[in-house]
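K.L.:
The structure that follows is given in the form of structure tokens.
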Amino acid sequence: MTAAWVTVFALCATLAVTKGIGPVALGDRELPITFTKIIDLLAPAILAALIAVGTFTNADGDLVIDARAAGLAAAAAVYAVSRKSILLAVGAAAVTAALVRAIA
Amino acid sequence: MEFGGGHGLRAGMRDGAPLAAASLLLGTSFGVLAEPVMGTVAPVVMSAIVFAGSAQFGSLAVLAAGGGAGAAIAAGVLLNMRYMPMGISIAASTRGGWLRRGLAAQPLIDAGWAMSYRGDGRYDIRYMWGVTAVNYPMWVSGTALGVLAGDTIGDPDRLGLDALFPAFFLGLLVGDATEGRRGWVAALLGATLALTLTPMTPPGVPIMTACLAALIALVPNGDDT
């Protein structure tokens, strides 16, 4: 089997365990209020980290500002006008990033 | 998440539609980049049974650079690590025996998870399934399209497709994922932690570590909730 196929099957198996381990181990028991408060903040923390890493870092682990930052700024401009216009914002981000790359 | 405020599978499918469009494009991008490295079948199977964008791009980068399976798997596992705390967070919202709960968590993806949060530590699991139900076919067929039409499409980055998901996640963040001042503090802290760690740790570790930003919930607060 090639390295690609080994990678595919290994990631399938490990991800299934990674996703399932919490619900399997904890079940549906009631959570302490402290835990609930932490969960409240988990989405903003992870989403912001995904945005930051997806926009301002490259494959070599360097911090960069490139066409993706312009794309994110375009999306932010759309959201400033209408928070619900997700499709428009996502489209504006891609078009802006593409334009910046075309010019650069 | 407001998004029309619906609950259940159908609402998730409806609210997941914009994301599905982005998934189609990013899946195509993955197919284009993966075909020269992994062949025609493996990328599509990977999208079908791994179904995790960041891990797929991350492990592909390792393979493309001449790395072996071990390094590629390690990269993918690290990038998927965040799904463990996310899985723990939805545990109390799952029902049934251990197998059913474990299976209920399999459609977990970043956006669907964030969108299905209903406050007080509760997630609308069926809604989360709905988001994934419209995304999954787009991600897989996008990959197939990219594999087949790679020569026509050329360099996907030229099209700005790598700007799609940050823009979508920003929409979730300004939606109401950050309700209250603490949400914004957690977001800023998470982003700062991730960017600080990126130059010195393997990919995936920064996002995983950013989860720790949620611990500011333990700091006693005054009037803000």
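K.L.:
Are there any pairs, at least 6 apart or on different chains, whose C-beta atoms fall under 9 Å, with the first in region A:30-51 and within 7 Å of chain B (Cβ to nearest Cβ) and the second outside any helix (DSSP H, G or I) and basic (Lys, Arg), and if so, which?
P.N.:
Close Cβ pairs satisfying both conditions: A:36/B:122; A:39/B:122; A:46/B:82; A:49/B:82; A:50/B:82.
K.L.:
Here's a follow-up. With respect to the numbered conditions (1) more than 8 Å from chain A (Cβ to nearest Cβ); (2) at pLDDT 95 or above; (3) surrounded by fewer than 20 Cβ atoms within 10 Å (Cβ to Cβ), which one is the sole condition not fulfilled by residue B:44?
P.N.:
Here residue B:44 clears every test but (3).
K.L.:
Go through (1) under 23 Å from residue B:13 (Cα atoms); (2) within 18 Å of the chain's Cα centre (by Cα); (3) among the hydroxyl-bearing types (Ser, Thr, Tyr) for residue B:93 and report which single condition fails.
P.N.:
With (1) under 23 Å from residue B:13 (Cα atoms); (2) within 18 Å of the chain's Cα centre (by Cα); (3) among the hydroxyl-bearing types (Ser, Thr, Tyr) applied to residue B:93, the lone miss is (2).
Residues checked against (1) more than 7 Å from chain B (Cβ to nearest Cβ); (2) of a type in the set (Phe, Trp, Tyr); (3) more than 24 Å from residue B:205 (Cβ to Cβ):
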residue	(1), (2), (3)
A:19	no, no, no
A:24	no, no, yes
A:74	yes, no, yes
A:85	yes, no, yes
A:93	no, no, yes
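K.L.:
Let me ask another. Just the residues that are on the phi > 0 side of the Ramachandran plot and aromatic (Phe, Trp, Tyr), please, taken from region A:46-64.
P.N.:
Within region A:46-64, no residue meets the criteria.
K.L.:
So, one more: Between residues in region B:186-210 that are touching a residue at least 60 places away in the same chain (Cβ under 8 Å) and residues that are of a type in the set (A, V, I, L, M) and in a loop (DSSP other than H, G, I, E, B), which pairs lie under 7 Å by C-beta distance while being six or more apart or on different chains?
P.N.:
Here the result reads B:204/B:81; B:208/B:81, each pair linking region B:186-210 to a residue that is of a type in the set (A, V, I, L, M) and in a loop (DSSP other than H, G, I, E, B).
K.L.:
Do we find that residue A:49 is within 25 Å of residue B:107 (Cα to Cα), surrounded by fewer than 18 Cβ atoms within 10 Å (Cβ to Cβ) and among the aliphatic types (A, V, I, L, M) in this structure?
P.N.:
No, not satisfied.
K.L.:
Return the total of residues in region B:113-130 being at negative phi and at the interface with chain A (Cβ under 7 Å from one of its Cβ atoms).
P.N.:
Total meeting the criteria: 2.
K.L.:
Hey, among the residues in region B:89-112 that are under 21 Å from residue B:139 (Cβ atoms) and more than 7 Å from chain A (Cβ to nearest Cβ), which one's surrounded by the most Cβ atoms within 10 Å (Cβ to Cβ)?
P.N.:
So the residue we want is B:111.
K.L.:
With the structure loaded, tell me whether residue B:27 is closer than 27 Å to residue B:190 by Cα and in a helix (DSSP H, G or I) or whether it fails that test.
P.N.:
yes
K.L.:
Mind listing just one residue for me: the one in region B:3-23 that is within 12 Å of chain A (Cβ to nearest Cβ) and in a helix (DSSP H, G or I) and, of those, surrounded by the fewest Cβ atoms within 10 Å (Cβ to Cβ)?
P.N.:
By that ranking, first place goes to B:17.
K.L.:
Suppose we filter A:10, A:48, A:25 for residues that are among the aliphatic types (A, V, I, L, M) and within 15 Å of residue B:79 (Cβ to Cβ); which single one remains?
P.N.:
A:10
The values are calculated or read from the model by the stated rules, or taken from the named source; none is laboratory data. Everything quoted here is computed from the prediction, not taken from an experiment. Glycine also receives a Cβ, built like all others from the backbone with ideal geometry; neighbour counts cover every protein chain displayed.
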